[in-house]
Amino acid sequence: MGTTATTNGKVVFAGGYPENAIEDKDLYRKRVDIYDIASDTWTIEELEVARQFTFAVSVGTKVYFAGYTQTQADDQDKVEVYDTETETWTTLTTPNSDGPTSVAVEMGSIYFVDGGIVDIYDTTTETWSMGQLSVSRILSRAVGCNGKVFFAGGGFSAGTIYALVDIYDIATDTWSTADLSEGRNLIQTACLNEKAYFVGGSLGFSGNSSNIDVYDTNTDTWSVLSINGDKQGYAVGASDNNLYIAAGYDNEENEYITEVEIFDGETDEKTTTDLSEARAFLSAVGVGNQLYVGGGNTGSNEHFTLVDIYTEEILNTAEVSATSFTIFPNPTTDRLVVKSLAAENFKSFDYRIYNAVGMLVKSGQTIQEIEVADFERGIYFLEVVGEVSERLKFIKN
C-alpha cells in the first residue's frame, strides 16, 4: 500500500507496487516520487527499507516514513526521515515497535502504533516516550487533531473487531475512550476544521462500512455521515476546506469507479465530482485548496502513475478584479501598499494572504502597508476582509 504526504510546497508519493511486478516489488516499495508544486517538477528518491505497508507524515520540512511487512522482514523498526529543504536522509529506530501498523502526527510529535504499544517521538527534543492503548489490536488507525490523538478500530483477530477509540489528550497527558457507531478494521482517517473523521473500513466477514464517524474536538460530540454505496479501496484526504473520498471499487456494481465524494468541512453538505480514470487502492493528500490523488490500480490489469489534481473554487487562483482597493508595487520585493479607491472611507482593515495553492500564509490588520519581505518568490492573493471580501493578485520577487 502506498502513501502520500506534503510539506514545504512538495507532495510526496511513496511505496506500493504493481501486483504483477513480483520480481521487482521491493524496487517499487522503496520508490519515493516528489512533486514540487511551484516549479512543476519531479524528483525521485529511494527508501532503504522495502515495506508492504508504508505510512508517511510530515513535521516542518521533514517527511517521516515507517511501516511494516506481513511476512518477517528486516529493519521494519527503522524510521526514515527525508528533509525536503536540504534533500538529505537520516534514520531513527522505534524503541518498542517491530514495524508500526499506523502512524499519526500532532503538535510536533509522531505516534507509531504496534499492537497496544505507542512509541512517541518528540521532533523538537528528539526524545522518545511510550504510551499504552486500552487494548492490543491489529489493523487499527490513528489520527491527530486539535491537540488530541485518536487510535480507532481494529481488533484482536479478523473475527474480533473493536468500535473502541483510545483518545490521548496531549495538554493534560491523559487517556480516555469512546466508541464508533460500529466496529471495523482499516478505517481511514483525517482531521479537518478541528474535527476528526473516521471513514468506512472493513466489517470483517460482513462487508464494508458506509459510516463516517465525526468527532468535534471543541464540543466533544459525535455525529455520523454516510458514504455512497458499498465500496472499498478509495482514498481519503482533506484540504483546508473539505473532506474527500476518492474513487475505489463499488462492490454492488462490481466495478472500479471515478466518483469523488466531497463533504464541506463547515456544513457537512455533500457534492460529487469525478477523477479522470476509475481505479482503487490509490492515495490522496490535501494542499491548501487542492487535492492530489495519485496511483491506484484496477486489479492486476492496469496500474496508474497518474496524479489527479482538484482545485476548489472557494479559493480559485484565477485573478480577481477588485472594485474598492488597489495594491502597489506589483510585483513587490518587501512590502505591499493597499489603497482604497474611496479614500474618505479608508480605515484599518483585516486581511489574509494565500499562496498560489490556497494555503493561508499571513493574516492580520493594517491601515495601509503589509510586510512580505520574508515570503518566497511566487504568486500570492491578498484578501481584504469586509462585508464583501475582495481578493487581489500580486507577485513577490
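Here are the numbers:
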quantity	calculated
Shape of the chain, Cα gyration tensor, a/c cut at 1.5	prolate
Karplus-derived 3J(HN,Hα), 6.51/-1.76/1.60, for each residue of segment 218-223, Hz, glycine and proline x	7, 9, 6, 10, 10, 9
Derived scalar couplings ³J(HN,Hα) [segment 115-121; Karplus, 6.51 cos²θ - 1.76 cosθ + 1.60; whole Hz; x for Gly, Pro]	x, x, 9, 10, 7, 10, 10
Net length gained if the chain between residue 269 and residue 174 were fully extended (0.36 nm per residue, minus Cα distance)	30.8 nm
Residues whose placed amide H lies under 5 Å from that of residue 362, excluding near-sequence neighbours	353
Positive minus negative residues near residue 77 (Lys, Arg vs Asp, Glu; Cβ under 10 Å)	-4
Three-way shape call for segment 1-99 based on the alpha-carbon gyration tensor, with the a/c threshold at 1.5	oblate
Size of charge dipole - the chain - debye, nearest 20, with Cβ of Lys, Arg +1 and Asp, Glu -1, no other charges	400
Expected 222 nm ellipticity per residue - DSSP helices of 4 or more, -39500 (n - 2.57), all of the chain, to 500	-500 deg cm²/dmol
Note, ³J(HN,Hα) from phi for segment 128-138, Karplus 6.51, -1.76, 1.60, rounded to Hz, x at Gly and Pro	10, 9, 9, x, 10, 6, 5, 9, 7, 8, 10
Ranked 184, 335, criterion: other C-beta atoms within 10 Å, fewest first	335, 184
Loop GluC sites (Glu not before Pro), segment 32-99 (other Cβ atoms within 10 Å of the site Cβ: 14 or fewer; DSSP)	48, 85, 87
Residues whose placed amide H lies under 5 Å from that of residue 180, excluding near-sequence neighbours	164, 165
Residues whose placed amide H lies under 5 Å from that of residue 230, excluding near-sequence neighbours	251, 252
Extension gain, residue 311 back to residue 328 (0.36 nm per residue minus Cα-Cα distance, nm)	3.4 nm
Packing-based order for 139-148, 268-277, 161-170, using average beta carbon neighbours within 10 Å, highest first	139-148, 161-170, 268-277
Most mobile of 14, 56, 178 in a GNM of the chain (Cα contacts under 10 Å)	178
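Only the coordinates and a few stated rules stand behind these numbers; no lab work does. Just so it is clear, the model here is predicted, and its values are computed rather than measured. Using ideal geometry, Cβ is built from the backbone for each residue, glycine included, and neighbour counts are taken over all protein chains shown.
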